[in-house]
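Written out below as structure tokens is the structure these notes cover.
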Amino acid sequence: MNSTGTLKSSSSELDLDRPNIEDYLPSGAAIQQEPRGKLRLHDLLDISPTLSEAAGAIVDDSFTRCFKSNPPEPWNWNIYLFPLWCFGVFLRYLIIFPTRALVLTIGWIIFLSAFIPVHLLLKGHDKLRRNIERSLVEMMCGFFVASWTGVVKYHGPRPSRRPKQVFVANHTSMIDFIILEQMTAFAVIMQKHPGWVGLLQSTILESVGCIWFNRSEAKDREIVARKLRDHVQGTDNNPLLIFPEGTCVNNHYTVMFKKGAFELGCTVCPIAIKYNKIFVDAFWNSRKQSFTTHLLQLMTSWAVVCDVWYLEPQNLKPGETPIEFAERVRDIISTRAGLKMVPWDGYLKYSRPSPKHRERKQQNFAESVLRRLEEK
Amino acid sequence: MLTQYDIEEVQQHCKNAFTQQEIVSLYQRFCQLDRNNCGFIPSDEFLSIPEFAVNPLSQSMLRLLDGFNFKEFIAFLSAFSPRATLQHKIEFIFKVYDTDCNGKVSFDDMLTVLRDLTGQYMSEQQRKEVLAQVLEEAGYTKDSFLVLSDFMKVLKQLISSITCCTGILKFHLDSGQFGSEDGSGGSRGLE
């Protein structure tokens, strides 16, 4: 698999620079052998292969599959299971949920009463202030995880704070960040959200060193790339965590990684996260629910079970392009977490694909027609 | 939800091109595409499927796809079923070519489809020449109109038997991939 080396990075987010998509798509309906012989009317009129591919996409396509949240199978259909389930609902909503809400409130009170004084009073002693704020944020994330009874198993060596390294992980929900932050204070790059989440972002997360981007701004990409580079070069900054998929995926698939994280010229440490859907599906379907609803759903379920693997740091191999590097790291993460890879860009959720891929098909067909025309 | 009567009615409508299990799977897919739950898919919805949008013939197919309910959806896809007759498949191809729906395919119609298939990689002049040449060899002229029987004669055998659907449907039946899009189905519905 090789990427076309002439792809130029444009400032538009909608530009899809990616490796050869034909390697991923099922080639069953594609013409496997080149038709030989003189060109006849039959060959021009017969559009059945292209039509098959289109119909195949209508019947099922790999992109929609990535964002589908499968509802859990009902199990409460008979005379003894239903009362049990009712009892479970009663426990979860009326006993466990208030307890968790209480724990979370206590956590917030402790956090804010420590964070605000430290932030304001220790203005002169930056290093001390940063260390304390870091521990406070880690503690707050611990409270959050406790509020959903998070059963998180961490595998692999914990991230160390060294310069010139960047962490990448697959993305299922915003809670990914909280789960990882609980163990190590990362600086993360996030989409700026409205509402209370935005408020949190601009106050507390700023202190950990977070970077914002705005998907809808075209010029944003260059600004963000510069900010990333600056952050990574700094020695005292928290390690940077990036979710290269750019959007939440349903934890069964991985979509294309954006190459921004892989062009910074530093070591990339992959992290794989896999949720167990036994009690609740942690996929945040941002088209269907707000983050608050999502959090409430987690807080009224029994537990959130997941595994986190810290994988071996990777470097750009000589002769490898950033896109190939991104794909290689995506492969490592997907294999570890048992996810399937699809060749689509996550931003297609918000926009239409660029005509580049269609042009490749058109080019193939045109060349085949012209070549057969030459044959006598 | 589909009842047994609904399934049988749809099956008759598509002349038994799909088995009952396939109709159920296709219904799930229809519900998935029908985001507003109004029983009707506008053509824009299809363009939001990236695999469909990058297909060179997507615009031509969208002409045939304007505003579907489930029965029409099945009737449309029945051409791609392995049980569809060759006649049915060729009729479908004819409809894609016949842009003005007058039962005749002109030189311009064929040129339009060729343009979609080749894009900028062939000049307009080249396309006209190629088309004129193959038409002459087949015994037609630039000004002749092709009707369905001509298509039948020329396309006695198709390159691909356009039976993609069974493979995909079978895969999804086996692995239970089709589920409803919104998480409000299943046990949560009882809450």
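Any residue that is of a type in the set (A, V, I, L, M), at pLDDT below 85 and out of contact with any Phe, Trp or Tyr (no Cβ under 8 Å at 6 or more places or on another chain) - is there at least one of those in the stretch A:267-287?
Checking the stretch A:267-287: not a single residue is of a type in the set (A, V, I, L, M), at pLDDT below 85 and out of contact with any Phe, Trp or Tyr (no Cβ under 8 Å at 6 or more places or on another chain).
Of the residues A:163, A:159, which single one is in a loop (DSSP other than H, G, I, E, B), loosely packed, with under 14 Cβ neighbours inside 10 Å and in contact (Cβ under 8 Å) with a residue 12 or more places away in the chain?
A:163
Just one of the numbered conditions (1) farther than 17 Å from residue A:368 by Cα; (2) more than 8 Å from chain A (Cβ to nearest Cβ); (3) surrounded by 14 or more Cβ atoms within 10 Å (Cβ to Cβ) is not true of residue B:115; which one?
Checking residue B:115 against (1) farther than 17 Å from residue A:368 by Cα; (2) more than 8 Å from chain A (Cβ to nearest Cβ); (3) surrounded by 14 or more Cβ atoms within 10 Å (Cβ to Cβ), the one that fails is (1).
Can you say whether residue A:333 is assigned to a helix (DSSP H, G or I), within 15 Å of the chain's Cα centre (by Cα) and hydrophobic (A, V, I, L, M, F, W, C), as far as the supplied structure shows?
It is true that residue A:333 is assigned to a helix (DSSP H, G or I), within 15 Å of the chain's Cα centre (by Cα) and hydrophobic (A, V, I, L, M, F, W, C).
Each row is one residue, and each column tells you yes or no for (1) within 12 Å of chain B (Cβ to nearest Cβ); (2) surrounded by 14 or more Cβ atoms within 10 Å (Cβ to Cβ); (3) outside any helix (DSSP H, G or I).
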position	(1), (2), (3)
A:58	yes, yes, no
A:77	yes, no, yes
A:85	yes, yes, no
A:95	no, no, no
A:100	no, yes, no
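Within the stretch A:63-75, identify whether any single residue is within 30 Å of residue B:32 (Cα to Cα), assigned to a helix (DSSP H, G or I) and touching a strand residue (DSSP E or B) at 6+ places or on another chain (Cβ under 8 Å), and answer yes or no.
Yes, the stretch A:63-75 contains at least one residue that is within 30 Å of residue B:32 (Cα to Cα), assigned to a helix (DSSP H, G or I) and touching a strand residue (DSSP E or B) at 6+ places or on another chain (Cβ under 8 Å).
If you go through the stretch B:57-67 one residue at a time, how many are within 21 Å of residue A:47 (Cβ to Cβ) and either touching a Phe, Trp or Tyr at 6+ places or on another chain (Cβ under 9 Å) or modelled with pLDDT under 80 (or both)?
Residues flagged as within 21 Å of residue A:47 (Cβ to Cβ) and either touching a Phe, Trp or Tyr at 6+ places or on another chain (Cβ under 9 Å) or modelled with pLDDT under 80 (or both) within the stretch B:57-67 amount to 7.
With (1) in a helix (DSSP H, G or I); (2) within 30 Å of residue A:199 (Cβ to Cβ); (3) in contact (Cβ under 8 Å) with a residue 12 or more places away in the chain as the list, and residue A:326 as the residue in question, which single condition is left unmet?
(2)
Of everything in the stretch A:322-350 that's among the hydroxyl-bearing types (Ser, Thr, Tyr) and at pLDDT 90 or above, which residue is surrounded by the most Cβ atoms within 10 Å (Cβ to Cβ)?
Only one residue fits best here, namely A:334.
Count, please, the residues in the stretch B:17-68 that happen to be of a type in the set (Asp, Glu) and either at the interface with chain A (Cβ under 8 Å from one of its Cβ atoms) or surrounded by fewer than 16 Cβ atoms within 10 Å (Cβ to Cβ) (or both). Don't jump to the end; show me each part of the working.
Of the residues in the stretch B:17-68, the ones of a type in the set (Asp, Glu) are B:22, B:34, B:44-45, B:51, B:66.
Now narrow it down to the ones that are either at the interface with chain A (Cβ under 8 Å from one of its Cβ atoms) or surrounded by fewer than 16 Cβ atoms within 10 Å (Cβ to Cβ) (or both): B:44, B:51, B:66.
Residues flagged as of a type in the set (Asp, Glu) and either at the interface with chain A (Cβ under 8 Å from one of its Cβ atoms) or surrounded by fewer than 16 Cβ atoms within 10 Å (Cβ to Cβ) (or both) within the stretch B:17-68 amount to 3.
Quick one: count up the residues across the stretch A:229-253 that are closer than 30 Å to residue A:132 by Cβ, out of contact with any Gly (no Cβ under 7 Å at 6 or more places or on another chain) and touching a residue at least 60 places away in the same chain (Cβ under 8 Å).
Residues meeting the conditions: 10.
Wholly within the stretch B:1-105, which helices (runs of 4 or more DSSP H) include no fewer than the required count, namely at least 2 residues that are among the charged types (D, E, K, R)?
B:4-13, B:20-33, B:43-47, B:70-77, B:86-97
Here is a yes/no grid of residues against (1) touching a Pro at 6+ places or on another chain (Cβ under 8 Å); (2) within 14 Å of another protein chain (Cβ to nearest Cβ); (3) among the polar types (S, T, N, Q):
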position: A:73; (1), (2), (3): no, yes, no
position: A:108; (1), (2), (3): no, no, no
position: A:138; (1), (2), (3): no, no, no
position: A:168; (1), (2), (3): yes, no, no
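Quick test of your reading of the structure: residue A:89 fulfils all but one of (1) surrounded by fewer than 20 Cβ atoms within 10 Å (Cβ to Cβ); (2) facing chain B (nearest Cβ under 7 Å); (3) hydrophobic (A, V, I, L, M, F, W, C); (4) in contact (Cβ under 8 Å) with a residue 60 or more places away in the chain. Name the failing condition by number.
Of everything listed in (1) surrounded by fewer than 20 Cβ atoms within 10 Å (Cβ to Cβ); (2) facing chain B (nearest Cβ under 7 Å); (3) hydrophobic (A, V, I, L, M, F, W, C); (4) in contact (Cβ under 8 Å) with a residue 60 or more places away in the chain, residue A:89 misses just condition (4).
Filtering the stretch A:230-249 down to residues that are β-branched (Val, Ile, Thr) and assigned to a loop (DSSP other than H, G, I, E, B), which residue is nearest to residue A:190 (Cα to Cα)?
The extreme case among them is A:247.
Identify the single condition in (1) closer than 30 Å to residue B:65 by Cβ; (2) in contact with a Cys (Cβ under 9 Å, 6 or more places away or on another chain) that residue A:76 does not satisfy, given that it satisfies every other one.
Unmet condition: (1).
The values are calculated or read from the model by the stated rules, or taken from the named source; none is laboratory data. Being a predicted model, the structure only gives us computed values, none of them experimental. Because the Cβ atoms are built from the backbone with ideal geometry, glycine has one as well, and the counts that use them run over all protein chains shown.
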